[in-house]
Amino acid sequence: MAVETEIKLRLPQGPERVRALLEQNGFRATGLRQLETNQTFDLITGELRRSDRLLRLRSAGGRWTVTYKGPAGGAGYKSREEIETDVSDGPAFAQILAALGYQPAFAYEKFRTTFEAPGEGGIVTLDETPIGDFLELEGPEYWIDQAAVRLGFGPADYITSSYAALYEEHRRGRETGPRDMKFHLP
């Protein structure tokens, strides 16, 4: 069983300054900045969300990936089972899910750039979203703490909420807004 452990950090200063900060601290981009589109699925009863599980279909760079995430555990970090695999035809896979009773639940987009510090055992992703910019630090808890301190953050800054929960929080107090967290590009 693969277990993912991660936290998010909110970035008030914008992605350009953060890219420079990452590079100054030994992190190197492992790929190009690319748009990710994510669609989560659930049963009409909302069973997956209520049980803190996730079924997601992601498209990025011409690649489709389906992911299952189990309930989150841990204090201060989000740790959960993660099973992920590529699928060759995302729209066909979505049709299979529909035939099994799963329906689209929440869609979100982000521009993502992945960084690594060679030999350190963790990954940093810079996520530019419609509700702000975030870093995700994924790896062992000790590595997350060390990387956060190097970048000027501490445990009080750790966010373990999903993008769906962050978007719900963002929408609270606003009169209207789209159901999904997407860029409104021309």
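For the chain, build the charge dipole from Cβ charges (+1 Lys, Arg; -1 Asp, Glu) around the Cα centre, then report which of LEU126, ALA72, GLY14 sits farthest towards its positive end.
Looking along the dipole axis, the top candidate is GLY14.
Compute the relative contact order of the chain as a whole-number percentage, counting only Cα pairs closer than 8 Å that sit 6 or more residues apart in sequence.
For the chain, the relative contact order is 29 percent.
Counting only helical runs of four or more DSSP H residues, what would the 222 nm mean residue ellipticity of the chain come to if each run contributes -39,500 (n - 2.57) and the total is spread over all its residues?
-6500 deg cm²/dmol
How far is helix 141-150 tilted off the main Cα axis of the chain, in degrees rounded to 10, range 0 to 90?
60 degrees
From the phi of every residue in region 159-172, what ³J(HN,Hα) in whole Hz does the Karplus formula 6.51 cos²θ - 1.76 cosθ + 1.60 yield, where θ is phi - 60° and glycine or proline is x?
Listing the rounded values in order: 10, 10, 6, 6, 5, 4, 5, 5, 5, 4, 4, 4, 6, 4 Hz.
Between 0 and 90 degrees, rounded to the nearest ten: what's the tilt of helix 15-24 against the longest Cα principal axis of the chain?
Helix 15-24 sits at roughly 50 degrees to that axis.
By how many degrees, 0 to 90 and rounded to 10, does the Cα axis of helix 90-99 deviate from the longest principal axis of the chain?
Tilt of helix 90-99: around 50 degrees.
Pick out, from GLY26, VAL149, LEU166, the residue whose Cα sits farthest towards the positive end of the charge dipole of region 3-171, with +1 on the Cβ of Lys and Arg and -1 on the Cβ of Asp and Glu.
It is LEU166.
For region 79-186, just say rounded, prolate or oblate: build the C-alpha gyration tensor, square-root its eigenvalues into a ≥ b ≥ c, call rounded for a/c under 1.5, and beyond that prolate if a/b exceeds b/c, oblate if not.
Oblate.
Fewest to most neighbouring Cβ within 10 Å: what's the order for GLU168, GLU138, GLU4?
GLU168, GLU4, GLU138
How do ARG33, ARG174 rank when sorted from fewest to most other Cβ atoms within 10 Å of their own Cβ?
Final ranking by Cβ density, sparse to dense: ARG174, ARG33.
Taking Kirkwood radius over Cα pairs in Å as the quantity of interest, determine which of (1) 25.1; (2) 17.5; (3) 16.2 was computed from the displayed structure.
The calculated read-out lines up with (2).
About the Cα centre of region 3-171, what is the dipole size in debye to 20, counting +1 per Lys and Arg Cβ and -1 per Asp and Glu Cβ, all else neutral?
260 debye
Among TYR142, TYR167, which comes first, second and so on when ranked by fewest other beta-carbon atoms within 10 Å?
Placing the least packed residue first, the sequence is TYR142, TYR167.
In debye, nearest 20: dipole of region 7-94 around its Cα centre with unit charges on the Cβ of K, R (+) and D, E (-)?
The calculated dipole for region 7-94 is roughly 380 debye.
Quick note: the coordinates plus some simple rules give every number you see, no bench work behind them. For clarity, every value in this text was computed on a predicted model and none was experimentally measured. Every residue, glycine as well, gets a Cβ built from its backbone with ideal geometry; the counts of neighbours run over all protein chains shown.
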